[in-house]
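*Asks:* Attaching a single structure in structure tokens format; questions to follow.
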Amino acid sequence: MAKEHKRPDGRKNSEMRPMSAKIGVVPNADGSAMFSFGNTIAIAAVYGPRQLHPQHMQDPARGILRVNYDLLSFSVSDRKKPGPSRRSQEISKVTEWALLPVVELKEFPNTVIDVQIYIIQADAGTRTAGINAASLALAHAGIPMKNLICSVAVGKQDKELIVDLTKEEEDFEEGEGATDFAIAKIANTNEYTLLQLDGKIQPEVVKEILNLADKACDEIYEFQKKTLKESISK
Amino acid sequence: MSSMPSSNLTIEAMKKIFAEGKRFDGRKLTELRDISITLDISNKAEGSAGVKIGKTEVLVGVKLGIGTPYPDSPDKGNLTVSGDLLPLASPRFEMGPPDFWGIELPRLVDRAVRESHMIELDKLVIEEGEKVWTVYIDIYPINDDGNLIDAATIGAIIALKNTMMPELDKDGKIDYEKKATKKFPLSKGISPISFSFFKLGNSVIMDPTREEEETCEARVTFGLSNWKDQYMINSCQKSGNTPFTKEEIGQIMDLLPKKFEEVNEKLKKFL
């Protein structure tokens, strides 16, 4: 890429929005966290491991991870009808799969770990912010984990690759349009646990996208660690 | 065929044989089963197709109705993809509201079709902001022996290619009985195909049988199309419990164009 592409908020192509995070935002929960990318704010609460009901759903070999993701009705421009939608059910499931590989569920047979994720304010990247919040909340709950999960969206605006799109950037329609590729990975590995996109991306560009996501995820990982450390040193 | 989850014996045996580059049915890891197509499987549909991939069979029908446009697209027709995992098609499918897989299947087909812009939705407006055509793509598996998503996407594409526009009567209502002579508006040369890759241990396979699909630990599905002489990924979704590595994704990216050409060649006369 020869010349730098202009983004509405003046960011560099590879630059994420400012992150912020807070641990313990839901005192009732066993673990909880807020994570935000710019104007996108997600909160996650973890309850469990606790006994799973109904009993026939229990797995005597391992615990179950159960994720629920949704938007608060007022978090988007057109009010979202409260209650689960097909979109939110799908995102819940892919989020579950994104987190699952690092959670040591074998330690907790017959139990469930519930992860509740809600978006308070949406400006694109809600599932990735939700995954980062959930990863922090699981750690805060003291659930044994192999590693943290870091998540970011890398997008393409016409031919330009950009990291962490806003809604305005996602709605871009010229040339090849805008494509948002949501990615999650196990921190410091080359293992990807979420891959989700709609739009137009050439197969040969995918590698470049993963490299950009890696760089962003390294930063997210450092930020997550810092946030967790600060929360216990207080 | 039972609906039991894979036994540990099956998992271990399959892992071992995959690692040697072989499969129970004699195929290579990324070798596809035969595909056969039947056109016009139901004459009440505006377009329809049956797809068989090995023993997997899916019927797809396109119906057109009149609806009101979505507020954010007053100058476009509507597209709705639904699917029903009929208990007829597998001992694994049950009556009642759709489970996750019943929700995911039509959503993946929807995204492969919609994001490729194969349908010229802007040509499906009857009265801007008021009245538009609604395109219903309905998917019914008849026999599930794995790889339903890819079979359903092929069925949807071929059904769309064979869809005719019903006539409107004097009052602007649809006259389904009158012979349709107008073609359905499709972008020239665009026909997306979806490709699902399944992972077990360190092996990645394509076009799994039901047994293989149930034994595999993760899946990633790509909707691919040809757009302005380039291959374009229009949709992607990963599912399952284990990650894909960067190397595996690289391998898949190399395979996609080749497999697209291979399947396109098989489907050519229906597209």
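Just so you know, all these numbers are worked out from the coordinates, no wet-lab data involved. This is a predicted model, so every value here is computed, not measured. No Cβ is skipped: glycine too gets one built from the backbone with ideal geometry, and neighbour counts run over all protein chains shown.
*Asks:* In a shell of Cβ-Cβ distance under 9 Å around residue B:240, excluding residue B:240 itself, what net charge do Lys and Arg (+1) and Asp and Glu (-1) give?
*Replies:* +2
*Asks:* For the protein assembly as shown, compute Rh as the Kirkwood radius over C-alpha pairs and then the Stokes-Einstein diffusion coefficient at 10 °C and 1.306 mPa s; write the answer in µm²/s, rounded to an integer. If you can, show how the numbers build up before the last one.
*Replies:* Details: Rh = 23.9 Å.
The estimated diffusion coefficient comes to 66 µm²/s.
*Asks:* Taking each residue in B:180-187, count the Cβ atoms of any other chain within 10 Å of its Cβ, then average. What number comes out?
*Replies:* Details: counts 0, 0, 0, 0, 0, 0, 0, 0.
Mean partner-chain Cβ count within 10 Å for B:180-187: 0.
*Asks:* How large is the dipole of the stretch A:47-88 about the Cα centre if only Lys and Arg carry +1 and Asp and Glu carry -1, each at its Cβ, rounded to the nearest 20 debye? Each step should come with its number before you reach the end.
*Replies:* Numbers: 8 positive and 3 negative charges, 25 e Å.
Result for the stretch A:47-88 is approximately 120 debye, rounded to the nearest 20.
*Asks:* Turning to a different aspect of this structure: To the nearest 10 degrees, how steep is helix A:206-233 against the longest Cα principal axis of chain A, on a 0 to 90 scale?
*Replies:* The angle comes out at about 50 degrees.
*Asks:* Please give the calculated 222 nm ellipticity per residue for chain B, where each DSSP H segment of at least 4 residues contributes -39500 (n - 2.57) and the sum is spread over every residue; nearest 500 deg cm²/dmol?
*Replies:* Result for chain B, helices only: -8500 deg cm²/dmol.
*Asks:* What whole-number distance in Å separates the alpha-carbon centres of the stretch B:152-166 and the stretch A:129-207?
*Replies:* After rounding, the separation between the Cα centres reads 33 Å.
*Asks:* May I pose another question? Measuring from label point to label point, each 7 Å out along Cα→Cβ, what is the residue B:8 to residue B:75 span in nm?
*Replies:* 6.3
*Asks:* Mind checking the angle between helix A:126-140 and chain A's longest principal axis? C-alpha axes, 0 to 90 degrees, to the nearest 10.
*Replies:* It is inclined by approximately 40 degrees.
*Asks:* With a ≥ b ≥ c the root eigenvalues of the C-alpha gyration tensor of chain B, is it rounded (a/c under 1.5), prolate (a/b larger than b/c) or oblate?
*Replies:* It comes out prolate by the Cα gyration axes.
*Asks:* For the stretch A:51-106, state which trypsin sites (Lys or Arg not before Pro) are in a DSSP loop and have at most 12 other beta carbons lying within 10 Å of their beta carbon.
*Replies:* Numbers: sites: A:62, A:66, A:79, A:80, A:86, A:87, A:93, A:106; in loops: A:62, A:79, A:80.
Counting only loop positions with at most 12 other Cβ atoms within 10 Å, the trypsin sites (Lys or Arg not before Pro) in the stretch A:51-106 are A:79.
*Asks:* How far, in nm, would the chain grow between residue B:99 and residue B:17 when pulled straight, counting 0.36 nm per residue and subtracting the alpha carbon separation?
*Replies:* Extra length available between residue B:99 and residue B:17 comes to 26.4 nm.
*Asks:* Give the average, rounded to an integer, of partner chain Cβ atoms located within 10 angstrom of each Cβ in B:243-254.
*Replies:* 5
*Asks:* Something else about it: How large is the charge dipole for the stretch A:69-109, taken about the Cα centre, if only the Cβ atoms of Lys, Arg (+1) and Asp, Glu (-1) carry charge, to the nearest 20 debye?
*Replies:* Taking the Cα centre of the stretch A:69-109 as origin, the dipole is about 300 debye.
*Asks:* Kindly write out, for the stretch B:137-145 in residue order, the coupling ³J(HN,Hα) from the Karplus curve 6.51 cos²θ - 1.76 cosθ + 1.60 (θ = phi - 60°), rounded to whole Hz, with x marking Gly and Pro.
*Replies:* Per residue, the Karplus-derived 3J(HN,Hα) values read 10, 10, 10, 10, x, 9, 8, 9, 10 Hz.
*Asks:* Output ³J(HN,Hα) for the stretch B:170-178: one whole-Hz value per residue in order, computed from phi by the Karplus curve 6.51 cos²θ - 1.76 cosθ + 1.60 with θ = phi - 60°, and x for Gly and Pro.
*Replies:* Per residue, the Karplus-derived 3J(HN,Hα) values read 4, 8, x, 8, 6, 9, 5, 7, 6 Hz.
*Asks:* Pop a pseudo-label 7 angstrom from the Cα along the beta-carbon direction at both residue B:68 and residue A:66 and give the gap in nm to one decimal.
*Replies:* 3.8
*Asks:* Using modelled amide H (1.01 Å from N, peptide plane; none on Pro or chain starts), what sits under 5 Å from the amide H of residue A:67, excluding residues fewer than 5 places away?
*Replies:* A:115
*Asks:* Continuing with the same structure: Report, as an integer, the average count of C-beta atoms from other chains found within 10 Å of each Cβ along A:203-210.
*Replies:* Per-residue shielding by partner chains comes out at 5.
*Asks:* So, one more: So which GluC sites (Glu not before Pro) in the stretch B:48-131 end up in coil per DSSP with only 10 or fewer other C-beta atoms within 10 Å? Kindly include the intermediate steps, with their values, before the conclusion.
*Replies:* On the way: sites: B:57, B:94, B:104, B:115, B:120, B:127, B:128, B:130; in loops: B:94, B:120, B:128, B:130.
Qualifying residues, ordered by number: B:130.
*Asks:* Same structure, new question: For chain B, what is the relative contact order in percent, using Cα pairs closer than 8 Å and at least 6 residues apart in sequence?
*Replies:* Taking the mean separation of contacting Cα pairs over the length of chain B, I get 20 percent.
*Asks:* Kirkwood hydrodynamic radius, the stretch A:20-226, all distinct C-alpha pairs: what's the number in Å?
*Replies:* Computed over Cα pairs of the stretch A:20-226, the Kirkwood hydrodynamic radius comes out at 17.3 Å.
*Asks:* Continuing with this model, one more query. Length gain on complete extension for the stretch residue B:43 to residue B:120, per 0.36 nm per residue less the alpha carbon to alpha carbon distance?
*Replies:* 25.4 nm
*Asks:* Name the long-range amide H neighbours of residue B:142: under 5 Å, sequence gap of 5 or more, or other chain; modelled H, no Pro or chain starts.
*Replies:* The list, which skips near neighbours in sequence, is B:57, B:58, B:59.
*Asks:* What whole number of Å gives the distance from the Cα centroid of the stretch B:51-84 to the Cα centroid of the stretch A:1-55?
*Replies:* So the separation of the two Cα centres works out to 35 Å.
*Asks:* Here is a follow-up. May I ask you to compute the full-extension gain from residue A:9 to residue A:168, defined as 0.36 nm times their residue separation minus their alpha-carbon distance, rounded to one decimal in nm?
*Replies:* Contour length minus the Cα-Cα distance gives 56.2 nm.
*Asks:* Can you work out ³J(HN,Hα) from phi for every residue in the stretch A:87-100, in order, using Karplus 6.51 cos²θ - 1.76 cosθ + 1.60 and θ = phi - 60°, giving whole Hz and x for Gly and Pro?
*Replies:* 4, 5, 5, 5, 5, 4, 5, 5, 5, 4, 5, 5, 8, 3
*Asks:* Here is a follow-up. Could you list which residues have their amide H under 5 Å from that of residue A:52, counting only those 5 or more apart in sequence or on another chain, with H placed in the peptide plane?
*Replies:* Amide H to amide H, under 5 Å and 5 or more residues apart or across chains, residue A:52 pairs with A:112.
*Asks:* Mind listing which GluC sites (Glu not before Pro) in the stretch A:165-234 are in a DSSP loop and have 12 or fewer other Cβ atoms within 10 Å?
*Replies:* A:173, A:174
*Asks:* What shape does the stretch B:135-271 have by the C-alpha gyration tensor, where a ≥ b ≥ c are the square roots of the eigenvalues, rounded means a/c under 1.5, and otherwise prolate means a/b greater than b/c and oblate the rest?
*Replies:* Prolate is the answer for the stretch B:135-271, as a/c is 1.5 or above and a/b outweighs b/c.
*Asks:* R0 = 30 Å: FRET efficiency of residue A:226 with residue A:107, Cβ-based, nearest 0.05?
*Replies:* That gives a FRET efficiency of 0.65.
*Asks:* Charges on Cβ only, +1 for Lys and Arg, -1 for Asp and Glu, centred on the Cα centroid of the stretch A:20-226; of A:182, A:203, A:109, which one is farthest towards the dipole's positive end?
*Replies:* A:109
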